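Peer 1: Before I ask anything, let me first share the structure, which is written out below as structure tokens.
The values are calculated or read from the model by the stated rules, or taken from the named source; none is laboratory data. Remember, predicted model here, so these are calculated numbers, not experimental data. Cβ coordinates were reconstructed from backbone atoms using ideal geometry, including for glycine residues, and neighbour counts include every protein chain displayed. For accessibility, only protein heavy atoms count, side chains too; no ligands or nucleic acids. Shrake-Rupley method; radii C 1.70, N 1.55, O 1.52, S 1.80 Å.
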Number of protein chains: 2
Amino acid sequence: MACNGAREPLLTRVADCTPANNNSNRCGPNRRRIRRVRSAPLAEFVPKDINGDAPLPRSPSIFGNLHPSFRKVAIFLTVYLGVGTLCFYIVRNQISGKKTNGILDAAYFCVVTMTTVGYGDLVPNSVLAKLLACSFVFMGMALVGLVLSKAADYLVEKQETMLVKALHKHKRVGQTEIIKEAETHRVRYKLYTVSFLLVVLISSGTIFLATVEKLDPVDAFYCVCSTITTLGYGDQSFSTEVGRIFAGFWILAGTVCVAQFFLYMAELNTENRRRALVKWVLTRKMTNVDLEAADLNEDGVVDAAEFIIYKLKEMGKISQEDISLVMEEFEDLDVDQSGTLSASDLILGQSTET
Amino acid sequence: MACNGAREPLLTRVADCTPANNNSNRCGPNRRRIRRVRSAPLAEFVPKDINGDAPLPRSPSIFGNLHPSFRKVAIFLTVYLGVGTLCFYIVRNQISGKKTNGILDAAYFCVVTMTTVGYGDLVPNSVLAKLLACSFVFMGMALVGLVLSKAADYLVEKQETMLVKALHKHKRVGQTEIIKEAETHRVRYKLYTVSFLLVVLISSGTIFLATVEKLDPVDAFYCVCSTITTLGYGDQSFSTEVGRIFAGFWILAGTVCVAQFFLYMAELNTENRRRALVKWVLTRKMTNVDLEAADLNEDGVVDAAEFIIYKLKEMGKISQEDISLVMEEFEDLDVDQSGTLSASDLILGQSTET
């Protein structure tokens, strides 16, 4: 039961930690101002994306040199397109429509199917080919939705800092300010980046369709819109060999880009509402009822940590369930039941274990 | 500077709060065991969905009796489909393909476009109609992605408890346990619910296409898959009047259902990873370094609230930015700079304001 009330920093006074120190209280001259919680040692373990997806340790693979997101994407995409192209090449006689080169058409059909564009310029006409298309479209949706979306998000985030830098070129601001600006308005800059990419993709697609596929400019633009939204009416599509090679890459980029655009729109909306809520929670008046509710250890006052928990709970960042989970762990660790953890609790805990 | 160290519950001792109470310390016989943070008064203000979307106060409307989510959806959907059907009805002579009834075809074309199915059985063939279709598909995507998805999520959540109840019918469990079970595995049960709905929609669609549209069973199933995934090759589609009425509702339900299915798959994946991370954070050994890092107010010991903040930060639930924001507010409120908030701080704060 030693040193429960010790008021000195732990590491310097662990040796002479005695009950005598209990009398020093919060009003004493040695009291320091509150400081920040030092960085938890697991910072790189902590999820950064909106889905809170924590990267768990991975086993090495042939795509070892790539960033984890890209390694995963590269593996999935290669397997999917490889198997898909092979399957549709084998059943190429059971697919009817405008044909060019066997392998090329199979790959093009595979991309048009996985992105759910589905022009209908090539359609399966046997039971086998139809069921194959059905299974590939479901797998393709999962691949685009679950894997490509994350990779795209990572790419956009990478280019974001460049954009912020470019936007602030005329002002003389340091690297730190740029990073801070990008952090605070992350979603907004992501939306700008993806909008810029979208303009590039729409223009390049329209120009390509007008020049290579010889479409009327309005038809070219209409085909671009119908493709990137995955609408794919099919009255206008890629019918030349060169066109289908271009389409393979362009459709994938375009559809993912539009999807990310809508994703960021939703995120921005959510973030704005959250900001409004945070502002409201932080500026509203504290009352005695709040003080009592926030007083976690019932010592009659609310210290900084208790205040933080109360406010973050109000903001909806943490739930009662989160708090209860950690509290259970705390009560296990607090071997001497003093209501606080100190070096002696850790030592006592180790000795009870052994 | 009075009563910074008061150790009694606030509301009972506010009157006789004097510096004399400062001497009572954490080891005293009056110390209580830690209790839960009482519910913040803003519980209903706190976002519950994964997007953290907080419902802000709304102005009354003609859809006033509906739940906010549905009111919004009903308004958007009515306006979109109304304007869309009207527009495409006006340009009906500039749309070519298999036609039935003018208004019906316009509404059917509108749904096929907004869900990005785009069969191509009806295609715009003038510049005006093409540009109209382009603008409607973008608005439709936004509507389905941003609005319908949330309404669907709300509906699924409502039906979830019913499902959990049905699954536990043979066991004698109380209402509370059912709710708790549903809370803990919310995403999993959402996925079950949506899977069940998907089976119903796929079966009903296949049966309808086989009986009313007289399609071969394989073709009917193929058309169902091609529709709900928004692929819409267009070699098989709804060509009768009755078929297109059914299609209007069924396509909307089917495409939203498949989208939710993939959304919940992604959520479940994220939740499982998060659970693994939470378990890892809670079971890993605390060291002296952790104790020192967690000690927010540098008093040499880690109390419950500090421990909670440290662990939640490790879990990635809260960030340093969140903590800093609230700390600023805390330091403003702590008028007497005692490092704790008490009733006297509130009174002092009010008097400085006035």
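Peer 1: Arrange the residues B:LYS158, A:LYS311 by how much accessible surface each exposes, largest first, with a 1.4 angstrom probe.
Peer 2: On the way: B:LYS158 125, A:LYS311 0 Å².
The most accessible residue leads, giving B:LYS158, A:LYS311.
Peer 1: If we hang a label 7 Å off Cα along the beta carbon direction at A:ASN101, how far is it from the matching labels on the other copies, in nm, shortest first?
Peer 2: Values, ascending and in nm: 5.1.
Peer 1: Farthest toward the dipole's positive end in segment A:285-339, which of A:ILE308, A:SER324, A:THR287, given Cβ charges of +1 (Lys, Arg) and -1 (Asp, Glu) about the Cα centre?
Peer 2: The residue sitting farthest along the positive end of the dipole is A:THR287.
Peer 1: Eigenvalues of the Cα gyration tensor times 5, then square-rooted: what semi-axes does that give for segment B:224-343, in whole angstrom, largest first? It would help to have the intermediate numbers written out before the result.
Peer 2: Working: eigenvalues 613, 78, 16 Å².
With the √(5λ) rule applied to segment B:224-343, the semi-axes are 55, 20, 9 Å.
Peer 1: Subtract the Cα-Cα distance of A:SER195 and A:VAL242 from 0.36 nm times their separation in residues, and report this length gain in nm to one decimal. Walk me through the intermediate numbers first.
Peer 2: Working: separation 47, 0.36 × 47 = 16.92 nm, distance 2.69 nm.
So the extension gain works out to 14.2 nm.
Peer 1: Return a whole-number percent for the relative contact order of segment A:203-263, with Cα pairs under 8 Å and 6 or more residues apart as the contact set.
Peer 2: Working: 42 pairs, mean separation 19.3, N = 61.
With pairs under 8 Å counted, the relative contact order is 32 percent.
Peer 1: To the nearest 10 square angstrom, what accessible area does B:HIS168 show with a 1.4 Å probe?
Peer 2: 30 Å²
Peer 1: Given the rotation that superposes chain A on chain B, what residue of A brings its beta carbon nearest the axis, and what is the distance in Å?
Peer 2: A:ALA305, 2
Peer 1: Here's a follow-up. For segment A:68-277, count the residues as N, evaluate 2.2 N^0.38 Å, and divide the Cα radius of gyration by that value, please. Spell out each step's value before the answer.
Peer 2: Numbers: Rg = 19.4 Å, N = 210, 2.2 N^0.38 = 16.8 Å.
Against the compact-globule rule of thumb, the ratio is 1.16.
Peer 1: Something else: Enumerate the calculated ³J(HN,Hα) couplings along segment A:131-146 in order (Karplus 6.51 cos²θ - 1.76 cosθ + 1.60, θ = phi - 60°), each rounded to whole Hz, writing x wherever the residue is Gly or Pro.
Peer 2: 5, 4, 4, 4, 5, 5, 5, 5, 5, x, 4, 4, 5, 5, x, 8
Peer 1: When only Cα pairs under 8 Å and 6 or more residues apart are kept, what is the percent relative contact order across segment A:68-277? It would help to have the intermediate numbers written out before the result.
Peer 2: Details: 225 pairs, mean separation 54.5, N = 210.
Dividing the mean separation by the residue count of segment A:68-277 yields 26 percent.
Peer 1: Return the FRET efficiency for the residue pair B:ALA166, A:VAL218: r is the Cβ-Cβ distance, R0 is 60 Å, and the value is rounded to the nearest 0.05. Intermediate values should be presented prior to the final figure.
Peer 2: Working: r = 54 Å, r/R0 = 0.90.
Efficiency, rounded to the nearest 0.05: 0.65.
Peer 1: Oh, and also: Using r as the Cβ-Cβ distance of A:ASN269 and B:VAL83, and R0 as 22 Å, what FRET efficiency do you calculate, to the nearest 0.05?
Peer 2: For R0 = 22 Å, the calculated efficiency reads 0.45.
Peer 1: Distances from A:ARG284 to the same residue in each other copy, label points 7 Å out along Cα→Cβ, in nm, shortest first?
Peer 2: Its label point is 3.5 nm from the equivalent points in the other copies.
Peer 1: Sticking with this one: Can you list the copy-to-copy distances for A:SER195, using a point 7 angstrom from Cα toward Cβ, in nanometres, shortest first?
Peer 2: 4.1
Peer 1: Can you work out the Karplus-derived ³J(HN,Hα) for every residue in segment A:286-295? Use 6.51 cos²θ - 1.76 cosθ + 1.60 with θ = phi - 60°, whole Hz, and x for glycine or proline.
Peer 2: For segment A:286-295, the Karplus curve yields 7, 10, 4, 4, 4, 4, 5, 5, 7, 6 Hz.
Peer 1: Accessible area lost on pairing B with A, both sides, 1.4 Å probe, Å² to nearest 100?
Peer 2: Details: alone 23080 and 23090 Å², together 32930 Å².
Summing both sides, the interface buries roughly 13200 Å².
Peer 1: In addition: Sequence gap at least 6, Cα distance under 8 Å: using those rules, report the relative contact order of segment B:285-343 to the nearest whole percent.
Peer 2: Working: 22 pairs, mean separation 10.4, N = 59.
Computed over segment B:285-343, the figure is 18 percent.
Peer 1: Quick one: ranking A:LYS130, B:LYS214, A:LYS285 by accessible area, 1.4 Å probe, largest first, what do you get? Intermediate results must be reported in sequence, preceding the final value.
Peer 2: Values: A:LYS130 20, B:LYS214 160, A:LYS285 110 Å².
So the residues, ranked largest to smallest area, are B:LYS214, A:LYS285, A:LYS130.
Peer 1: Percent of Cα-Cα pairs more than 15 Å apart in segment A:219-293, please. Could the numbers behind the result be given before it?
Peer 2: Details: 1938 of 2775 pairs.
More than 15 Å apart: 70 percent of the Cα pairs in segment A:219-293.
Peer 1: Leaving ligands, DNA and RNA out of it, work out the accessible area of B:PHE221 with a 1.4 Å probe and give it in Å² to the nearest 10.
Peer 2: Around 80 Å² of this residue is reachable by solvent.
Peer 1: A:TRP280 accessible area, nearest 10 Å², 1.4 Å probe?
Peer 2: A:TRP280 exposes around 110 Å² with every protein chain in place.
Peer 1: At R0 = 41 Å, how high is the FRET efficiency between A:MET139 and A:THR283 if r is their beta carbon distance? Nearest 0.05 is fine. Could the numbers behind the result be given before it?
Peer 2: Values: r = 49 Å, r/R0 = 1.21.
According to the calculation, E is roughly 0.25.
Peer 1: What does the structure give for A:219-232 when I average, per residue, the other chain Cβ atoms found within 10 Å of the residue Cβ?
Peer 2: Details: counts 2, 0, 4, 8, 2, 1, 7, 10, 1, 2, 11, 10, 18, 10.
Going residue by residue through A:219-232 and averaging, the value is 6.
Peer 1: Same structure, new question: In the structure displayed, which of A:LYS311/B:LYS317; A:LYS190/B:LYS279; B:LYS158/B:LYS317; A:LYS313/B:LYS313; A:LYS279/B:LYS313 lie more than 23 Å apart, Cα to Cα? Walk me through the intermediate numbers first.
Peer 2: On the way: A:LYS311/B:LYS317 14 Å; A:LYS190/B:LYS279 32 Å; B:LYS158/B:LYS317 26 Å; A:LYS313/B:LYS313 14 Å; A:LYS279/B:LYS313 21 Å.
Beyond 23 Å: A:LYS190/B:LYS279; B:LYS158/B:LYS317.
Peer 1: Using only the alpha-carbon atoms of segment A:306-354, report the extent along each of the three principal axes, biggest first, to the nearest angstrom.
Peer 2: Rounded to whole Å, the extents work out to 42, 17, 12 Å.
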